[in-house]
Every structure is written in C-alpha cells, then in structure tokens.
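Novice: Quick one: this structure, given as structure tokens, is what I'll be asking you about.
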Amino acid sequence: MKKILICILLFFALSPAYSNISCAFYTASDSISINAQKTNILTVFDTIQLNEVVSYGKLKKYQSGAKIEMIPDRKFDAYRDGSLEQLLSRTLPIVLKSTAGTLSTIRLRGTSPNHTSVNFGGINLNSLTLGQSNMSNVPMYLFDEVGVQFGSASTVNGSGSIGGAIHLGLRNNWTKGVKAEARISHGSFGEELYGTKIYLGNGKFESVTRAYFYKKDNNFKFTNTAVHDFEKSIFQIEDKQRNASVENKGLIQELNYKFSEEETLIFNLWLEKDWHQIQQNMQQNYYKPEQKEPYEDKHIRLWTSYKNNKKLFKYELSGGYVYDIGIDNGNTDDTIQTQRIIGEASVEHELNKKISYKIGVKASRISPTVYTYSDDLEYEDRLDFYASYFHKINRKLTATINLRQGLVTDFSVPFTPTFGFKYLVFSKENQALNINGNVAKSYRVPTFNDRFWGDQGNPDLNPEKGMNYELGFKWNYSNNETFGHIQLNTYFLNVDEWILWVNNNGWEPQNVQKVESKGLELMTAWNYLFFGLKTESGFNYSYTSTERKKSRTISDAVGRQLEYVPLHSGNFYSTINYNNTDFSVDFKYTDKQYTNEEDNNILSSYFLLNFSVGHQFKLNNKNKFKIKGMLNNILDTDYQSTFGYAMPGINYRLSLTYNIN
C-alpha cells in the first residue's frame, strides 16, 4: 500500500511541471482527420478505436504511451486461412521459432515464449503447465481482429506479459436478418481448410456461429543435411518429411444481447481440438522413418460479460471457465489437465472530460490434475487488484498510471506499477508528430510444472521480474493522394530471476540468469496512388540485442546474443488494387541465430519471398464470392527456423470464399 501511495503522490507532484504542455487523447486507428469547426489543423489519431461493439481485443485508453498495433483488415484477411504464427511473422516485426506447422513459439522483443500472454476476453490462453501458447494452433479464421502490445503489459494482463501481450478479437455486428459465409482452401502438402460463419439477429439479439476444420499432411521434400556417410562421401540427401501431420478443428458460438446502446450482455463458447504428430528432426526422419509421436490438445473456453455504461459509474461484470487437457502419444493414463474458474468486476468513473479512473478485481481458482503432481495440490487461488488513472493534462499531453497487485496461494507476487504518456509535438495542415513513453514493471509466476513436477519441481522459485523503458515517435502525413505514417520505438528491458531447467545431478528449474534486451523497431505504412492504382505498402524492421548479463550456472554465452533471437529481422509488403483485384507481394528477412550456449549449430540467415493475387466477384447486392491464390517461398529457399528441423520449400494455397447477406 505504501508503494501505491508513493506512486500516486509522485504523479501528482510531477503534473504541474508539465502544465505548459498541451495534450489530447485520440481514439481512432492510424488515420488523420481535419477539425473544421475550430482550427482547421490536423488531429492525429494513433491509438485504437474505443468501439463498444468490439467484444475482445479492445485495448483501453488507460495504456497511454504503450505501443499497441492492430493488424489492418486488409492484411488480416490475407492470412485468414492460416495461423497466428503466419499472421504475426509476415505483418509485424516479430520473430517466431517454428517447425513445419506443428509447433510455433513467440520471442517478442527477445523474451521467452512464457513472457507473452495470448488473450481471449479475460482468458489467458497460455498453458498453465507449460506457460506458453502454440501459435500454430490459433486459427485466424475464427477471429475478426488481432492486437499486439509490445513491451511489458503485466499491469493490465497479469502474470506472463513481460515481453508483451496478444489480444484476439471478435466484433459484435448486431446483425439484422441473416448473413453467412463459406470458405474452402486447398494447398501444397495436403493442406485443406473448410470454414463457415453464420450470423442471425434482429438488431438487439445476435447469434454468431464460427466453425472450421484444418488439416495438413506435411509430406514435403527437403535436403537432409543431417545424413552423413563418410565412406560413400554422402553429406546430404534428398528426403521427404514423414509423420508430421496436423488436424485441427474448432467452433466459437456467440450469443449477444443489446439492451441499449450503453448496456450489453455477451456470451461466448470456444471449443477446440488440436492434433498433430510431433515433427521429427532430420536425423530421426531419415533413420527412423516409422517413428510417430502424436500429441492432442482439447480446450473448452467460456467467457461472458455484462456491461452497463448508462450511469455515472460505469461497470462491467465478467466470468469464465477454461478446461485444458493434453494427451501425449495417445497415453490417456498420464493425465495433464487443468481447469479454471474466473470472475472479474470493474468500475469506471469520469470525474470530468479530462480525468477518469478505473478500479477492478479479478479472481480465479485453478484446479490442476497432472499425473506427476502431488495429491496435496488440489487447487490454487489467484486474486488481482488493479487501478488505472487517466489524465488529459492539456490539449497535447496525456498521462496514465496503472497499478496491479496480485495474490497467489503460497507464493509472493510483486507489485507492478506502470506510467505512460503521449505528447503531440506539432500538428500542421497535412502532418503531425507524436512522442510516447512508458515505464513498466512486470512479472511472471512460475508454471505449475516449474513448481510441482514430481521430485524435480521447485516450489521455492522466485517470480521472474521485468523492468521496461520505452520511447517512441510517430509521424503521420496526409495529402490528396497519400496518407500513412512512420513509427520508431526504442526500448530497454531488464528481466531478472529468469527461470531455466538446469542439470544439477538431475534436471530442475532454477532462477539462474539476468537478461537485458534493448533495441528499436521501425514500422511504416502508406496508402497512395501508383499509376492510378490504389496501393498499400509497409516496411517493418527490428533490431533486437538480447544478452545474458549474469548467470548462476557456468555459461560461455554470457554477454552474447541469446538463443533464437536474431539481431536483425524485417519484412516488407505491398498490395495493389485494380477493379476488385488485389496483387500482393511480401518478403521476410531473418538474421543468423544461435541455438545453444556454444558457438556451434548456428542457423544461417534467410530470406523468404511470397506473392498472392485475389479477385472479388459481386453477383448481386446479396451475393459475392472471392477467389485468392498465394505462392509462398517463391525462391524455394532452404532454411531452418529450429535447428535440425526441415521447413517446406515453394508451396501454394488456393481459397474460395462465398458470402450471403
């Protein structure tokens, strides 16, 4: 409590010092508009739209200064047949470590997969036993939007958001009548996707059903560099990937009711079953061609929320249930299962047009059933108290404070404050410049496996702790034919008590290292006319220097770049539209990567080039369909994202979408 009071007093003490700086809070997405009533100057909008019809993924005004990116609809639609891994790696400066469609984990700003939360409503999708999400198992077809927060986000999302947070969004359209969509997609190596969406409503009540089925044989050919026959002078051979199939299916059912424009009730049920064969490395694939390791995940996720904004004190009541089970190699006796019951309540109050605050509490009870855990571990309770403060100090400067204190059964969780600001440097007729900054503390509670896995778990582990400093600039420009922005963010992230499993007369988890990540991210997006054609282009670049600064175990990698974190990475995309036809090209570059603590088995840098074309046919006002073709890895690049695991060469995907309104 003392820390909270000090933080609040410090904020108010500093506020007068900025009284000569003007500021505003903006609520639209990367667009520019003219305020003709008063000043005829451009007002720049550089956060996300606070639209009450967005059920999930809305990132609130109380995170002023945080870097939050929403994937534009056009780019999102281009990867709707694929997974979250494909969307993020090709549209944002984010690196993921992947196998050929069976497992993909994120390294946001050089942190580990455990340091980025993936959120659906008030549910963190990360496994409570493993601590991470498989990005290959998150289908984009089921969702309407994806938002990514770069940098520490624990004050808003709780444990596990040291590197950042991803938000999956559904939009409430309040449909009147019937709308439907059917989608079919076929591609190389036995890839198939079948999906449908059905919308029913009368303007107040809405039912939305989203379902999909996806499979891939993954039987692609590749050059096997792990085969060595010195007698025959054979050091590589043409091989084919075996036993790496994928089969996923899922359904989201929405039932929403709008009492009025300011009072809504939503109910969402997400059922998911993901099955894949664990991809074997090149050596195993060649010498043990019959080896199969199936793994299956099943999930039930339920989230409901009642929101009332009619009165002076706006409030929201939410609740959810999550059931996760993993079945390794078909062995149902070795149970790996968790259940969660979640409840959350928040109240928001606007003191005036410039000042508002929000307070809330979130509680969950977790019941793990894992064959190696002690029977004494029946459940764990988690309780989080949070408070947010928004202050539009003047016309140009906005500041926010977020505070969070968590309580966990038999575990100590640190207090996490965040301070952020946004400052409008100038605003002219066709351009404007914003500066934003953020200082945030973050944490991660060790996973259940870290603490309770048989005799190896360590219940005395400390939470991982992060400290994030960020400064960003965003320049927006607009004229009659061109509009867009250039954005540059720099950051410094310190993660202490980083947990690793180490071999100390047997494997066990320990708080062993301190890691520093510092870097910059350059992002651009432009819409313009090119020889009379509507064109959208963008370039993303990331410089990520992530190093161990201290290690309690002997390591040759102290002071060297961390494993699976490329120093340089980037991507470029461009789309040209002509008479309902889109032509797109994009490429991705990934720098070399270390794969262990020794200076061997280094992954080479690689460059991937992709192309797509699509055309929409409008039959009448109620019926239309779109056909799209995509050609990936046009240069047939031979590369690896995980050391020793093959990745596919050139491949295609064709899709057909039919819409009825």
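The values are calculated or read from the model by the stated rules, or taken from the named source; none is laboratory data. Predicted, not measured: the structure shown is a model, and the values here were computed from it. Counting neighbours? That spans all protein chains shown, and the Cβs are built from the backbone with ideal geometry, glycine included.
Novice: Given the options 419, 415, name the one that is touching a residue at least 24 places away in the same chain (Cβ under 8 Å) and out of contact with any Lys or Arg (no Cβ under 7 Å at 6 or more places or on another chain).
Specialist: Checking each option against the conditions leaves just 419.
Novice: Restricted to region 211-254, and to residues that are modelled with pLDDT of 95 or more and among the aliphatic types (A, V, I, L, M), which residue is surrounded by the most Cβ atoms within 10 Å (Cβ to Cβ)?
Specialist: My answer is 244.
Novice: Go through the residues of region 191-199 one by one and say whether even a single one is over 28 Å from residue 271 (Cβ atoms) and either buried (at least 19 other Cβ atoms within 10 Å of the Cβ) or out of contact with any strand residue (DSSP E or B) (no Cβ under 7 Å at 6 or more places or on another chain) (or both).
Specialist: No, region 191-199 has no match at all.
Novice: Could you tell me which of the residues 116, 175, 129, 155 is hydroxyl-bearing (Ser, Thr, Tyr) and farther than 30 Å from residue 514 by Cβ?
Specialist: 175
Novice: If you go through region 339-390, how many residues are among the β-branched types (Val, Ile, Thr), over 27 Å from the mean Cα position of the chain (by Cα) and assigned to a strand (DSSP E or B)?
Specialist: 3
Novice: List the strands (runs of 3 or more DSSP E) inside region 399-495, counting only whole elements, that have at least 2 residues being among the aliphatic types (A, V, I, L, M) and closer than 23 Å to residue 547 by Cβ.
Specialist: Here the list reads 431-444, 464-478.
Novice: Condition check: of a type in the set (A, V, I, L, M, F, W, C) and touching a Ser or Thr at 6+ places or on another chain (Cβ under 7 Å). Does residue 355 satisfy that?
Specialist: no
Novice: Are any of the residues in region 345-356 surrounded by 17 or more Cβ atoms within 10 Å (Cβ to Cβ), under 25 Å from residue 123 (Cα atoms) and out of contact with any Gly (no Cβ under 6 Å at 6 or more places or on another chain)?
Specialist: Yes, there is a match, as at least one residue in region 345-356 is surrounded by 17 or more Cβ atoms within 10 Å (Cβ to Cβ), under 25 Å from residue 123 (Cα atoms) and out of contact with any Gly (no Cβ under 6 Å at 6 or more places or on another chain).
Novice: Taking region 329-361, which residues are out of contact with any Phe, Trp or Tyr (no Cβ under 9 Å at 6 or more places or on another chain) and at pLDDT 95 or above?
Specialist: Selection gives 343, 344.
Novice: If I ask for residues that are closer than 16 Å to residue 362 by Cα and surrounded by 20 or more Cβ atoms within 10 Å (Cβ to Cβ), which ones from region 404-440 would you list?
Specialist: Within region 404-440, 404, 406, 413, 416 qualify.
Novice: May I ask you to list the residues in region 624-661 that are of a type in the set (Phe, Trp, Tyr) and at pLDDT 95 or above?
Specialist: 639, 643, 645, 652, 658
Novice: Specify which of the listed residues (540, 504, 489) is polar (S, T, N, Q) and either surrounded by fewer than 18 Cβ atoms within 10 Å (Cβ to Cβ) or free of Cβ contacts under 8 Å to residues at least 40 places away in the same chain (or both).
Specialist: 504
Novice: Still on this structure: Among the residues in region 522-535, are any assigned to a strand (DSSP E or B), within 22 Å of residue 509 (Cα to Cα) and out of contact with any Leu (no Cβ under 9 Å at 6 or more places or on another chain)?
Specialist: Scanning region 522-535, I find no residue that is assigned to a strand (DSSP E or B), within 22 Å of residue 509 (Cα to Cα) and out of contact with any Leu (no Cβ under 9 Å at 6 or more places or on another chain), so the answer is no.
Novice: Has region 522-544 got any residue that is charged (D, E, K, R) and farther than 16 Å from residue 74 by Cβ?
Specialist: no
Novice: Let me ask something else about it. Any idea which of 77, 81, 73 is over 13 Å from the mean Cα position of the chain (by Cα), of a type in the set (Asp, Glu) and buried (at least 23 other Cβ atoms within 10 Å of the Cβ)?
Specialist: After ruling out the rest, the residue left standing is 81.
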